[in-house]
Amino acid sequence: MEAFIEYVLQFGNLNKQQIDLITRKATELVLRKDDYYWEAGKTVRQIGFLTEGVLRVYYYDNKGEEITRYFIDENHLILSGTTIDEVYTPSEYLSAITDCKMIVFSKQDWKEITETVIGWDAIIQKITAKHHREKMERRGGLVSQDATTRYLEFIEQFPALANRVPLSFIATYLGITQSSLSRIRKNIR
């Protein structure tokens, strides 16, 4: 819980009573490797914050192959939908690549925090904007670069992820085959 509060305080101020309310509403969730945080077609009923581990967002293409859209590592807020009242049913899967620890809030508790804590919306908007920028930066070059450049940029931007994520997931994220990724890795050593 401390990691979540420390992270939130980077984006705004909270007093002790506000922190106490947030802490009372939070629950710790442990996901084991390969557990789902959410599944395609199933309504999401909570807001999460990843404190330890790595999650992967992926979907199945029209050939039935898994395609990794992105990875989520520590200190990332996982919202469900664009508004708190939205019934969110994802078309993608979000699963643990490693054992994970999360702080989660029911949508009702999150709504109560939003209605009670002055400035909470502004804090969450700043966090959301930061995560959106990061996601766009991560995906931006993937379209126009060759496979070697994409991989080199991936390990430069995410050195901690490169050793924690299976190569097959990195390959689908980069839009290449696993054998191509193996060749690239062999050639750059």
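Tabulated results
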item	result
Candidate set: region 16-42, residues that are loosely packed, with under 12 Cβ neighbours inside 10 Å and of a type outside the set (Lys, Arg); chosen: the one farthest from the chain's Cα centre (by Cα)	Gln17
Unmet requirement for Ser91, which otherwise passes all of (1) at pLDDT below 95; (2) open to solvent by less than 70 Å² (accessible area, probe 1.4 Å); (3) not charged (D, E, K, R)	(2)
In region 154-173, the residues that are assigned to a helix (DSSP H, G or I), modelled with pLDDT of 90 or more and of a type in the set (A, V, I, L, M)	Leu167, Ile170, Ala171
Tally of residues being in contact with a helix residue (DSSP H, G or I) (Cβ under 7 Å, 6 or more places away or on another chain), among the β-branched types (Val, Ile, Thr) and in contact (Cβ under 8 Å) with a residue 60 or more places away in the chain across region 1-29	2
Criterion (within 14 Å of the chain's Cα centre (by Cα), open to solvent by 50 Å² or more (accessible area, probe 1.4 Å) and among the β-branched types (Val, Ile, Thr)) met by exactly one of Thr128, Thr149, Thr82	Thr128
Subset of region 94-106 [open to solvent by 30 Å² or more (accessible area, probe 1.4 Å) and not polar (S, T, N, Q)]	Asp99, Lys101
Criterion (within 17 Å of Ile103 (Cβ to Cβ) and in contact with a helix residue (DSSP H, G or I) (Cβ under 6 Å, 6 or more places away or on another chain)) met by exactly one of Ile47, Ile78, Ile72	Ile47
Any hit, region 44-57, residues being in contact with a strand residue (DSSP E or B) (Cβ under 7 Å, 6 or more places away or on another chain), hydrophobic (A, V, I, L, M, F, W, C) and touching a residue at least 60 places away in the same chain (Cβ under 8 Å)	yes
Yes/no for Arg32 being touching a residue at least 24 places away in the same chain (Cβ under 8 Å) and out of contact with any strand residue (DSSP E or B) (no Cβ under 6 Å at 6 or more places or on another chain)	yes
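The values are calculated or read from the model by the stated rules, or taken from the named source; none is laboratory data. Predicted model, so just to flag it, every value in this text is computed and none were measured. A quick note on method: Cβ atoms are made from the backbone with ideal geometry, for glycine too, and the neighbour counts reach across all protein chains shown. Ligands, DNA and RNA are stripped out before the accessible areas are found, and what is left, the full protein with its side chains, is counted by its heavy atoms. Shrake-Rupley method; radii C 1.70, N 1.55, O 1.52, S 1.80 Å.
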